[in-house]
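Heads up, the thing below is written out as structure tokens.
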Amino acid sequence: MKRKVIGLIVTLLLFLIFFCAGFIYLMVHPSMEIRTEIKPIDDETYQSLGALEYVEHPEQQNFRNLLFTFKFKYSNAENIRTEMPKSFKELLTSDVYWVGEDTEYDDIDHNEYIVKQDIVLYMGEVSEDELVDLLNDGVFTVTWEEDGKEMRDEFNIGETVLFID
């Protein structure tokens, strides 16, 4: 009986130590999440599109919504900057990029830096594979300062694409 109690106490102590170590690691090291979701557009978005007479296949199923999201959770990062040498409009060309809007903000209360791009794509002449090839030329770079040192990370946008039906 005594062995079981000692075993239980040791197990609980080890669990507590590993839990605290993981929590401290997450508090000190920033985490980044990047996603590029491509899904069909809804009826309301389709109805709001203009200039459909200029495309060969103006049906709703030939339009997609691209939602690019970058989240940077930090504890002690400063001077966070993001950059894309080629914008989505340049990557996708005017044949695919229809309309879009972007937001970028630093939520200081939650220690989270967020970049979003919401874009409508015309896919009437482009396959999903060709779209990924276009996005493979895109690089998203984030730089920040941590403990007086400049840190940097790069992401290939084409590698983050997820098609949702």
- Task: Go through the range 99-118 and give me each residue that's polar (S, T, N, Q) and touching a residue at least 24 places away in the same chain (Cβ under 8 Å).
- Result: Asn111, Gln117
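To keep it simple, each residue is scored yes or no on (1) touching a strand residue (DSSP E or B) at 6+ places or on another chain (Cβ under 8 Å); (2) within 17 Å of Phe72 (Cα to Cα); (3) not charged (D, E, K, R).
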{"position": "Ile119", "(1), (2), (3)": "yes, no, yes"}
{"position": "Glu130", "(1), (2), (3)": "no, no, no"}
{"position": "Arg152", "(1), (2), (3)": "yes, yes, no"}
{"position": "Asp165", "(1), (2), (3)": "yes, no, no"}
- Query: Would you pick out the residues in the range 123-161 that are assigned to a strand (DSSP E or B) and within 15 Å of Lys39 (Cβ to Cβ)?
  - Reply: Val161
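Take the conditions more than 30 Å from Gly50 (Cβ to Cβ), in contact (Cβ under 8 Å) with a residue 60 or more places away in the chain, exposed (fewer than 13 other Cβ atoms within 10 Å of the Cβ) and over 15 Å from the mean Cα position of the chain (by Cα) and apply them to Asp147. Does it pass?
On the way: more than 30 Å from Gly50 (Cβ to Cβ): yes; in contact (Cβ under 8 Å) with a residue 60 or more places away in the chain: yes; exposed (fewer than 13 other Cβ atoms within 10 Å of the Cβ): yes; over 15 Å from the mean Cα position of the chain (by Cα): yes.
So Asp147 fits the description; yes.
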- Could you check how many residues of the range 41-62 are open to solvent by 50 Å² or more (accessible area, probe 1.4 Å) and out of contact with any Asp or Glu (no Cβ under 9 Å at 6 or more places or on another chain)? 9
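Let's see how each residue does on (1) of a type in the set (Lys, Arg); (2) modelled with pLDDT under 80; (3) touching a strand residue (DSSP E or B) at 6+ places or on another chain (Cβ under 9 Å):
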| residue | (1), (2), (3) |
| --- | --- |
| Arg3 | yes, no, no |
| Tyr25 | no, yes, no |
| Val28 | no, yes, no |
| Glu37 | no, no, yes |
| Asp43 | no, no, no |
| Val55 | no, no, yes |
- Item | Hits in the range 46-102 - residues which are under 19 Å from Glu130 (Cβ atoms) and among the hydrophobic types (A, V, I, L, M, F, W, C) | Val55, Phe63, Leu66, Phe68, Phe88, Leu91, Leu92, Val96, Trp98
- Query: Which residue, of Ile119, Ile164, is open to solvent by 40 Å² or more (accessible area, probe 1.4 Å), farther than 15 Å from Met32 by Cα and among the hydrophobic types (A, V, I, L, M, F, W, C)?
  - Reply: Ile164
- Phe140: passes all of (1) aromatic (Phe, Trp, Tyr); (2) under 30 Å from His57 (Cα atoms); (3) in contact (Cβ under 8 Å) with a residue 40 or more places away in the chain but (2)
- Message: Ile38 - would you say it is surrounded by fewer than 14 Cβ atoms within 10 Å (Cβ to Cβ) and among the β-branched types (Val, Ile, Thr)?
- Response: no
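The values are calculated or read from the model by the stated rules, or taken from the named source; none is laboratory data. The structure displayed is predicted, hence computed values, not measured ones. When we count neighbours, we look across all protein chains shown, and the Cβ atoms used for this are built from the backbone with ideal geometry, even at glycine. Ligands, DNA and RNA are excluded from the accessible area calculation, which covers all protein heavy atoms including side chains. Shrake-Rupley method; radii C 1.70, N 1.55, O 1.52, S 1.80 Å.
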